[in-house]
Amino acid sequence: MTDLPPDNASRLARLKFRAWHRGTREADYMIGCFFDRFHHDWSGEEIDLFERIIEEEDVDIMGWALGTIPVPDEYRGPMIERMMKLDYVEIPR
């Protein structure tokens, strides 16, 4: 992680919990795996953005990632583009 304030450890712990406790298994895997795979390299601004994104409805986040609904202007950019690749989802067997 890049030069983040010390209080970010608790903030990231809360985000991890929110990313993995969405309400459906599909959303848990999509959003939780995304967080696990990429949060280590996020800047403070990217953490802020992810924090805003996960406050949205799961069906919207999943629709953006799957390309079935348009991404709102405020979320368009590298983070959602990365999420749309879906190569980070690991489903335990």
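Any read-out appearing in this document is the output of simple, stated calculations on the displayed coordinates, not a laboratory observation. None of the values given here were measured: they were computed from a predicted structure. Ideal geometry is used to build each Cβ from the backbone, glycine not excepted, and the neighbour counts take in all protein chains shown.
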- prompt: Can you give the charge dipole size of the chain about its Cα centre, rounded to the nearest 20 debye, using +1 on the beta carbon of Lys and Arg and -1 on the beta carbon of Asp and Glu?
  reply: 400 debye
- request: Relative to the longest principal axis of the C-alpha atoms of the chain, give the angle of the C-alpha long axis of helix 8-20, reported between 0 and 90° and rounded to the nearest 10°.
  value: 20 degrees
query: GNM, the chain, Cα, under 10 Å: largest mean-square fluctuation among ASP28, ASP58, ASP48?
result: ASP48
Whether the stretch 24-83 is rounded, prolate or oblate, judged on the alpha carbon gyration tensor where a/c under 1.5 counts as rounded: oblate
